[in-house]
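**Student:** Starting off with a structure, shown below.
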Amino acid sequence: MSQSRTKLGLINSSISSIYMVVQLLLGFYSRKIFINYLGDEILGLNTTAVNILQFINLAELGIGTAVGFSLYRPIRQKNHDTICEIIALQGFLYRRIAIFMIIGALAVMAFFPIIFKKISLPLWYAYASFGVMLFSSLLSYFFTYRQVLLSSSQKDYAIQLSYRTWIIIKIVFQMLAVAKLPNPYVWWLILEVIFAIIATISLHRHIKHTFPYLRPVTQSFHQLKKTHAIIFTKIKQLIFHRIAGFALFQASPLIIYAYLSLSVVTIYGNYLIIVNGIRSACDAVFGSTAAGVGDLIAENNTSKILTVFEEMFSIRFFFATIASVCFTILTPPFIQLWIGRSYILPAITVIIIAGVLFINIYRNALDIFINAFGLFKDIWSPIAEALINITISIAFGYLWGLPGILSGSLISLIIIIGIWKPYFLYTCGLKQPPLKYLTLFLRYTLLATAAILITTTLYRFIPIDPAASWTRFLIASTLFVILLSAILSTTLYFTTKGFRLFINRLINLTK
């Protein structure tokens, strides 16, 4: 990458990392407070309501991704007229989607007495939770959709400063309200609405200040649609990818609720907080590189593209290994200390979740390049992924409960993300033999396996019970993370080109 791309990436990563750490720590603490004062069933209700809303939100159809792809070249060329046209077209589409979401939400709410017939809470809790979340989601469709321009310009840090600051403040106020005020859930909902509005206003003002050239356009929707037909081509392809994304990330809690209970949804949700925290950490460090890759591909330097891909793959594989192994080893004692032994899931379930986490972290390198190349034409693959996921989840869930449900996600990821997507990227984007990726992946996998075996063997000699106290957990977990990171990084540095290039680049930038 060029120096400016790398520098902007580091700025975004640094600010995002700070916000991620603060929000993650608040998330763990607030979760414990909400469980104590609101109860398992309310939190499970919220999780289920979010997943229903995400189903309706499929109407977004991947417009944001298609618009982001279309903005890379005009941003590089400083073509303000084209940028204004694309953003105006996005606004037209988002307003129509918002209307569809309102109609869809009203239709779904008519079935709430059936959907939530198993809960012991008053039914208005379900309506209120869903209504508040719908309101927050609609704000983005009417007002803050232009933040895609910040992301495509490698200015994600502005989103953190102007939007996520208020989200952090909201969580603090919600914790205080739940712990100190009567009718705690009512106050939780009120604060959710108030701070959604404040955060939206803050981000909207920042976008107007950062891009003063943004203005209404004179062209009609049909004229813009004809001028930027490529966006609609990509949207049609992305529809199917959006469906697969829903099946992968949102269907599991709904199937868990259908087979089991809201309490199990809450227990699984506790692990998801940790998983989402880890993924947020990786997104904070690497998420801002997407615009840089888009700019790199617009530059059309094949050798540089291949070099950057290997670097990005290596560092994501490194973090995926560290994250998934630490999750498997350290999550059970953490859960026990955090909210109690009764919330610990069986070891097989934890391993399956860790496998899903591993693939979802390292796949980011593939997704960024696929999105930057605009490779969305494999519409059969998300359909297959969704069908595999849901079919196996339902069938295995009936046989084996929660582990069976979650295995659907893991198997579908292995088939589509582990096998098909690399083949698709190498043949259609990078124009390289897919065998090169297979060799690359197997080499990293063997090296990582050796590092894991050495680390876990040495860790057994550390005479500390991480579940005994927070102090011992911090000591044991720190030692494990340092040990695994040191062994794995040393192994990869001296045996792989991509990881060595990345570390050397980082050292040079630090200097």
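The values are calculated or read from the model by the stated rules, or taken from the named source; none is laboratory data. Bear in mind that the values here come from a model prediction, so they are computed numbers and not experimental data. Neighbour counts run over all protein chains shown; Cβ positions are idealised from the backbone, glycine included. For accessibility, only protein heavy atoms count, side chains too; no ligands or nucleic acids. Shrake-Rupley method; radii C 1.70, N 1.55, O 1.52, S 1.80 Å.
**Student:** Counting only residues that are open to solvent by 50 Å² or more (accessible area, probe 1.4 Å), hydrophobic (A, V, I, L, M, F, W, C) and either part of a loop (DSSP other than H, G, I, E, B) or touching a Ser or Thr at 6+ places or on another chain (Cβ under 9 Å) (or both), how many does the stretch 465-482 have?
**Tutor:** Within the stretch 465-482, the subset open to solvent by 50 Å² or more (accessible area, probe 1.4 Å) is 465, 468, 470-472, 474-475, 478-479, 481-482.
Next, from what is left, pick out any that are hydrophobic (A, V, I, L, M, F, W, C): 468, 470, 474-475, 479, 481-482.
Imposing the further condition that a residue be either part of a loop (DSSP other than H, G, I, E, B) or touching a Ser or Thr at 6+ places or on another chain (Cβ under 9 Å) (or both) reduces the set to 468.
Residues flagged as open to solvent by 50 Å² or more (accessible area, probe 1.4 Å), hydrophobic (A, V, I, L, M, F, W, C) and either part of a loop (DSSP other than H, G, I, E, B) or touching a Ser or Thr at 6+ places or on another chain (Cβ under 9 Å) (or both) within the stretch 465-482 amount to 1.
**Student:** Residues of the stretch 255-264 being touching a Ser or Thr at 6+ places or on another chain (Cβ under 7 Å) and either modelled with pLDDT of 75 or more or among the small types (Gly, Ala, Ser) (or both), which ones?
**Tutor:** Selection gives Ile255 alone.
**Student:** Let me ask something additional. Restricting to the stretch 89-105, name every residue that is surrounded by fewer than 18 Cβ atoms within 10 Å (Cβ to Cβ) and closer than 26 Å to Trp187 by Cβ.
**Tutor:** Within the stretch 89-105, just Ile102 meets the criteria.
**Student:** Evaluate the following for Leu425: is it open to solvent by less than 20 Å² (accessible area, probe 1.4 Å) and closer than 30 Å to Val308 by Cα?
**Tutor:** Yes, satisfied.
**Student:** Would a scan of the stretch 361-379 turn up a residue that is assigned to a helix (DSSP H, G or I), without any contact (Cβ under 8 Å) to a residue 40 or more places away in the chain, under 20 Å from the mean Cα position of the chain (by Cα) and crowded, with 20+ Cβ neighbours inside 10 Å?
**Tutor:** No, that holds for no residue.
**Student:** Are any of the residues in the stretch 413-428 in a loop (DSSP other than H, G, I, E, B), under 30 Å from Val293 (Cβ atoms) and modelled with pLDDT under 90? So that I can check it myself, show each step before the final result.
**Tutor:** First pass over the stretch 413-428, keeping only residues in a loop (DSSP other than H, G, I, E, B): none.
Scanning the stretch 413-428, I find no residue that is in a loop (DSSP other than H, G, I, E, B), under 30 Å from Val293 (Cβ atoms) and modelled with pLDDT under 90, so the answer is no.
**Student:** Filter the stretch 380-396 down to the residues that are open to solvent by 40 Å² or more (accessible area, probe 1.4 Å) and hydrophobic (A, V, I, L, M, F, W, C), then identify the one that is modelled with the lowest pLDDT. Before you say what the answer is, go through the steps one by one.
**Tutor:** Pass one, the stretch 380-396, residues open to solvent by 40 Å² or more (accessible area, probe 1.4 Å): 380, 383, 387-388, 390-391, 394-396.
Retained after the next criterion (residues that are hydrophobic (A, V, I, L, M, F, W, C)): 380, 383, 387-388, 390, 394-396.
Details: Trp380: 84, Ile383: 81, Leu387: 85, Ile388: 88, Ile390: 85, Ile394: 88, Ala395: 89, Phe396: 88.
Ranking the qualifying residues of the stretch 380-396, first place goes to Ile383.
**Student:** If I filter the stretch 460-479 for residues that are within 25 Å of Gly418 (Cα to Cα), out of contact with any Lys or Arg (no Cβ under 8 Å at 6 or more places or on another chain) and at pLDDT 90 or above, do I get at least one hit?
**Tutor:** Step one: list which residues in the stretch 460-479 are within 25 Å of Gly418 (Cα to Cα), which gives none.
So far as the stretch 460-479 goes, no, none of its residues is within 25 Å of Gly418 (Cα to Cα), out of contact with any Lys or Arg (no Cβ under 8 Å at 6 or more places or on another chain) and at pLDDT 90 or above.
**Student:** Only one of Leu399, Leu406 is at negative phi and open to solvent by less than 20 Å² (accessible area, probe 1.4 Å). Can you tell me which? Before the answer, list the steps.
**Tutor:** Details: Leu399 fails: open to solvent by less than 20 Å² (accessible area, probe 1.4 Å).
Exactly one of Leu399, Leu406 is at negative phi and open to solvent by less than 20 Å² (accessible area, probe 1.4 Å), namely Leu406.
**Student:** How many of the residues making up the stretch 463-484 are hydroxyl-bearing (Ser, Thr, Tyr) and under 19 Å from Ile278 (Cα atoms)? Full working, then the answer.
**Tutor:** Taking the stretch 463-484 and keeping what is hydroxyl-bearing (Ser, Thr, Tyr), we get 469, 471, 477-478.
Subsequent filtering for residues that are under 19 Å from Ile278 (Cα atoms) retains 477-478.
Looking only at that region, the number is 2.
**Student:** A follow-up question, please. Among the residues that make up the stretch 79-88, is at least one of them closer than 23 Å to Tyr185 by Cα, free of Cβ contacts under 8 Å to residues at least 12 places away in the same chain, surrounded by fewer than 18 Cβ atoms within 10 Å (Cβ to Cβ) and not polar (S, T, N, Q)?
**Tutor:** no
**Student:** Now for a different question. As an exercise: evaluate Lys234 against (1) within 26 Å of the chain's Cα centre (by Cα); (2) open to solvent by 30 Å² or more (accessible area, probe 1.4 Å) and give the number of the one condition it does not meet.
**Tutor:** For Lys234, the exception is condition (2).
**Student:** Is it the case that some residue within the stretch 327-335 is under 19 Å from the mean Cα position of the chain (by Cα) and either under 13 Å from Ile278 (Cα atoms) or outside any loop (DSSP other than H, G, I, E, B) (or both)?
**Tutor:** Quick first cut of the stretch 327-335, residues under 19 Å from the mean Cα position of the chain (by Cα) only: 327.
Checking the rest, the ones that are also either under 13 Å from Ile278 (Cα atoms) or outside any loop (DSSP other than H, G, I, E, B) (or both) come to 327.
Yes, that holds for at least one residue.
**Student:** Still on this structure: Against the conditions (1) open to solvent by 30 Å² or more (accessible area, probe 1.4 Å); (2) of a type outside the set (Ser, Thr, Tyr); (3) at pLDDT below 90; (4) part of a helix (DSSP H, G or I), where does Phe499 fall short? Just the number, please.
**Tutor:** (1)
**Student:** If you don't mind, another one. Is there a residue in the stretch 208-227 that is β-branched (Val, Ile, Thr) and buried (at least 19 other Cβ atoms within 10 Å of the Cβ)? Break it down stepwise before answering.
**Tutor:** Taking the stretch 208-227 as the starting set, the residues that turn out to be β-branched (Val, Ile, Thr) are 210, 217-218, 227.
Right, trim to buried (at least 19 other Cβ atoms within 10 Å of the Cβ) and you get none.
Checking the stretch 208-227: not a single residue is β-branched (Val, Ile, Thr) and buried (at least 19 other Cβ atoms within 10 Å of the Cβ).
**Student:** What do you reckon, is Ala290 within 30 Å of Gln432 (Cβ to Cβ), crowded, with 18+ Cβ neighbours inside 10 Å and either at pLDDT below 75 or polar (S, T, N, Q) (or both)?
**Tutor:** Numbers: within 30 Å of Gln432 (Cβ to Cβ): yes; crowded, with 18+ Cβ neighbours inside 10 Å: yes; either at pLDDT below 75 or polar (S, T, N, Q) (or both): yes.
Yes; evaluated as a whole, the condition is true for this residue.
**Student:** Can you give me the ranges of the helices (runs of 4 or more DSSP H) entirely in the stretch 118-204 with at least 2 residues that are aromatic (Phe, Trp, Tyr) and open to solvent by less than 60 Å² (accessible area, probe 1.4 Å)?
**Tutor:** Values: elements: 123-139, 147-152, 156-159, 165-180.
Once the helices (runs of 4 or more DSSP H) in the stretch 118-204 are filtered for at least 2 residues that are aromatic (Phe, Trp, Tyr) and open to solvent by less than 60 Å² (accessible area, probe 1.4 Å), what remains is 123-139.
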